[in-house]
């Protein structure tokens with residue numbers, strides 16, 4: 001999470017105004033895709049490197065997150081807009097119910 005979005009999970013929850021809800025349930029498509037990219041890259045690195053032990057696995061996770069983080073920054077550069085959204089599903093359903 002930190003490598004992809006430069007935020008710890010608790011910090012990301014604060015951005016989304018969430019307490020105990022599942023963070024993924026409140027992500028935009030791009031946020032989810034970048035999260036999945038980081039996870040898939042981490043898994044690939046682990047398998048390719050045959051990482052064993054905590055420190056090598058931490059390095060795989062850090063490197064996988066950095067790949068997704070560079071992708072996020074590139075998207076933001078191309079669009080001129082931040083990928084990280086403060087919106088969450090609760091806000092979406094509240095505004096839909098009012099209409």
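Scan segment 45-88 residue by residue and report those that are more than 22 Å from residue 32 (Cα to Cα), out of contact with any helix residue (DSSP H, G or I) (no Cβ under 7 Å at 6 or more places or on another chain) and not in a helix (DSSP H, G or I). Listed by number, the residues that qualify are 50, 52, 53.
Being assigned to a helix (DSSP H, G or I) and surrounded by 13 or more Cβ atoms within 10 Å (Cβ to Cβ) narrows it down to one residue among 34, 18; which is it?
Working: 18 fails: assigned to a helix (DSSP H, G or I).
The unique qualifying residue is 34.
Every read-out reported here was derived from the displayed coordinates using simple, explicitly stated rules and does not represent laboratory data. This structure is a prediction, so every number in the text was calculated from the model and none was measured. No Cβ is skipped: glycine too gets one built from the backbone with ideal geometry, and neighbour counts run over all protein chains shown.
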